[in-house]
Amino acid sequence: MTNSGFEKKGINSNLILIIMTGIFTALSMLTSYNPIWANIPINIIIPIIVLLKLKTVFFEKLKLSTLLLMRILVVFAALNLLNGQLYVKIVIIFLVINILEATITDLKRKKYFNFITGLILAISIFYMKGTWFGKYYDANLPTDIGTVFWWIAYTIWNWFFVTNEFSPSIAKFHLGVLTAPLIGVLITRNPGLWLIFRANSLTIAGFIQIAKKQYWEEKMKSEKFEYFVKKTQNTSAQLIFMIINVSLILLSVLI
């Protein structure tokens with residue numbers, strides 16, 4: 001394919017990325033604040049159909065199933081069938097499991113710098129405390145700015161994991177998934193809501209990616225983005241961002 005052909009696809013993929021980021025943001029906030037009428041059809045019924053009807057690889061099935069379980073439990077908490085504060089503790093525990101799962105994968109692939117970041121992220125979660133508000137929750141580190149530092153470090157770490165796990169096209173798709181909870185935080189001005197926005201945006205993106213994986217592979221293709229991803233995967237970039245991430249994590253629990 002000619003460079004002009006790639007550029008045309010790149011422009012289209014950027015527009016699609018903007019649209020999808022808006023969709024992820026809107027749906028993640030909608031389902032976060034409405035665990036019954038929005039969460040059940042979007043984050044529970046659709047993922048169940050996807051898992052039962054569509055072909056998935058093991059990692060996709062495991063990830064979506066875990067997210068689905070948390071979306072089901074939040075319904076019980078909202079209906080007072082499960083203690084809300086206990087639910088928040090379960091969410092934080094599953095966050096640790098989620099990070100460690102990806103961290104072990106990084107270790108197997110010899111992505112040692114991202115492995116170190118993930119390990120420290122998992123440990124730092126022991127400083128995180130959450131609060132249940134009847135229908136939704138927040139999760140904070142000692143200060144708001146510390147919480148901001150933490151989710152910036154998580155976002156960078158998760159970005160590197162995604163670029164190692166998927167093709168550049170799917171990695172670009174996940175830029176919208178990672179950006180959505182950050183936009184949600186900016187809109188609400190509450191860093192503590194990042195975790196619930198992240199959980200819901202990832203659930204929504206999970207079933208959308210599985211349902212139309214080949215579509216995203218083709219539509220998100222961009223030569224410039226592929227070059228960018230390649231550059232971020234070199235040893236120097238990985239080392240630099242590990243240092244940045246670890247510094248942010250340490251600051252998040254110390255300030």
Handout entry: Unmet requirement for K111, which otherwise passes all of (1) without any contact (Cβ under 8 Å) to a residue 40 or more places away in the chain; (2) crowded, with 20+ Cβ neighbours inside 10 Å; (3) of a type outside the set (F, W, Y)
Key = (1)
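Listed here are the residues, each with its yes/no results for (1) at pLDDT below 95; (2) under 27 Å from K219 (Cβ atoms); (3) of a type in the set (S, T, N, Q).
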| position | (1), (2), (3) |
| --- | --- |
| G130 | no, no, no |
| Y136 | no, no, no |
| I145 | no, no, no |
| W157 | no, yes, no |
| S167 | yes, yes, yes |
| V177 | no, yes, no |
| A180 | no, yes, no |
| I196 | no, no, no |
Handout entry: Residues of segment 195-221 that turn out to be over 21 Å from I48 (Cα atoms) and either touching a Cys at 6+ places or on another chain (Cβ under 7 Å) or among the basic types (K, R) (or both), as a count
Key = 2
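Specify which of the listed residues (I243, I187) is open to solvent by 10 Å² or more (accessible area, probe 1.4 Å), free of Cβ contacts under 8 Å to residues at least 60 places away in the same chain and not aromatic (F, W, Y).
Values: I187 fails: free of Cβ contacts under 8 Å to residues at least 60 places away in the same chain.
When all the criteria are applied, what remains is I243.
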Handout entry: All positions within segment 38-63 that are open to solvent by less than 50 Å² (accessible area, probe 1.4 Å), aliphatic (A, V, I, L, M) and in a helix (DSSP H, G or I)
Key = I42, I44, V50, L51
Exercise for the section: Could you tell me which residue of segment 209-227 is nearest to I145 (Cα to Cα), considering only residues that are free of Cβ contacts under 8 Å to residues at least 24 places away in the same chain and in a helix (DSSP H, G or I)? Expected result: Y227
Problem - Contacts under 9 angstrom Cβ, first residue in segment 10-37 being farther than 15 Å from T203 by Cα and open to solvent by 60 Å² or more (accessible area, probe 1.4 Å), partner among the basic types (K, R) and assigned to a helix (DSSP H, G or I), 6 or more apart - result: N12/K219; N14/K172
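Do we find that F149 is in a helix (DSSP H, G or I), open to solvent by 10 Å² or more (accessible area, probe 1.4 Å), more than 26 Å from V75 (Cβ to Cβ) and without any contact (Cβ under 8 Å) to a residue 60 or more places away in the chain in this structure?
No: the conditions fail for F149.
Using the structure shown, decide if S236 is open to solvent by 30 Å² or more (accessible area, probe 1.4 Å), assigned to a helix (DSSP H, G or I) and small (G, A, S). If you could, list the steps in order and put the result at the bottom.
Details: open to solvent by 30 Å² or more (accessible area, probe 1.4 Å): yes; assigned to a helix (DSSP H, G or I): yes; small (G, A, S): yes.
Considered against the rule, which asks whether it is open to solvent by 30 Å² or more (accessible area, probe 1.4 Å), assigned to a helix (DSSP H, G or I) and small (G, A, S), S236 comes out as yes.
The values are calculated or read from the model by the stated rules, or taken from the named source; none is laboratory data. It should be emphasised that the depicted structure is a prediction, and the values quoted were computed from it without experimental measurement. Note that we place each Cβ from the backbone using ideal geometry, even for glycine, and neighbour counts take in every protein chain shown. Just the protein is used for accessible areas: all its heavy atoms, side chains included, with ligands, DNA and RNA removed. Shrake-Rupley method; radii C 1.70, N 1.55, O 1.52, S 1.80 Å.
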